[in-house]
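Notes for the one structure printed next.
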Amino acid sequence: SSKTFWTTTGMFPQELIIGFPQCVKISKVAIQCYLVRTLRIERSTSKDPVGFEQCIEKDLQHTEGQLQMEEFPLPEFQATYLRFIIKSAFDHFVSVHRVMAEGT
C-alpha cells in the first residue's frame, strides 16, 4: 500500500527480507526510501531465507525532504528471497516506502 511504510528502530545495520512464492527471474529492483545512506541488496535461491549472496551495494544520494528513488538494473538472476540491508543512514531513523522487482 502506498499509504504504509517500514521504518528502522534507530541502530544500523537494519534488514528487510522479501520472499516470493517460488524462485523467480529478476532483471531490475527499485526502492523508494528516505534518509538511507548505504544500501546492500542480497539474494537467496534457497527454500528458506538462508545462504544469501550480495548482488549490489550502493551509497545513495541525500535528498532533503524527498524520497530517494533508486533503480538497480541487474543481470537476469534467480531469487526466492531478497534481503535489503541498510548499512548506514543520514539520520537515526530511515523509512522504506516501496520495493519493486521486475522480471518473470
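The values are calculated or read from the model by the stated rules, or taken from the named source; none is laboratory data. All values reported here derive from a predicted model rather than from experimental measurement. For neighbour counting, all protein chains shown are included, and Cβ atoms are generated from backbone atoms with ideal geometry for every residue, glycine included. These accessible areas exclude ligands, DNA and RNA; they are computed on the full protein's heavy atoms, side chains included. Shrake-Rupley method; radii C 1.70, N 1.55, O 1.52, S 1.80 Å.
Just to be sure before I move on: is SER44 open to solvent by less than 60 Å² (accessible area, probe 1.4 Å), farther than 16 Å from PHE90 by Cα and small (Gly, Ala, Ser) in the structure I sent? Steps first, please.
Values: open to solvent by less than 60 Å² (accessible area, probe 1.4 Å): yes; farther than 16 Å from PHE90 by Cα: yes; small (Gly, Ala, Ser): yes.
Yes, satisfied.
Within the stretch 64-88, track down each residue that is open to solvent by less than 40 Å² (accessible area, probe 1.4 Å) and modelled with pLDDT under 95.
Those that are open to solvent by less than 40 Å² (accessible area, probe 1.4 Å) and modelled with pLDDT under 95: PHE72, LEU74, PHE77.
Taking the condition among the hydroxyl-bearing types (Ser, Thr, Tyr), open to solvent by 60 Å² or more (accessible area, probe 1.4 Å) and in contact with a strand residue (DSSP E or B) (Cβ under 8 Å, 6 or more places away or on another chain), does THR7 pass? Break it down stepwise before answering.
Working: among the hydroxyl-bearing types (Ser, Thr, Tyr): yes; open to solvent by 60 Å² or more (accessible area, probe 1.4 Å): yes; in contact with a strand residue (DSSP E or B) (Cβ under 8 Å, 6 or more places away or on another chain): yes.
The answer is yes for THR7.
Which strands (runs of 3 or more DSSP E) sit wholly inside the chain and have at least 3 residues that are touching a residue at least 60 places away in the same chain (Cβ under 8 Å) and of a type in the set (Ser, Thr, Tyr)? Walk me through it before giving the result.
Values: elements: 14-34, 36-44, 53-59, 68-89, 95-103.
Counting at least 3 such residues, we get 68-89.
Go through (1) among the aliphatic types (A, V, I, L, M); (2) within 20 Å of MET11 (Cβ to Cβ); (3) open to solvent by 60 Å² or more (accessible area, probe 1.4 Å) one by one and return the number of the condition VAL36 breaks.
The failed condition is (3).
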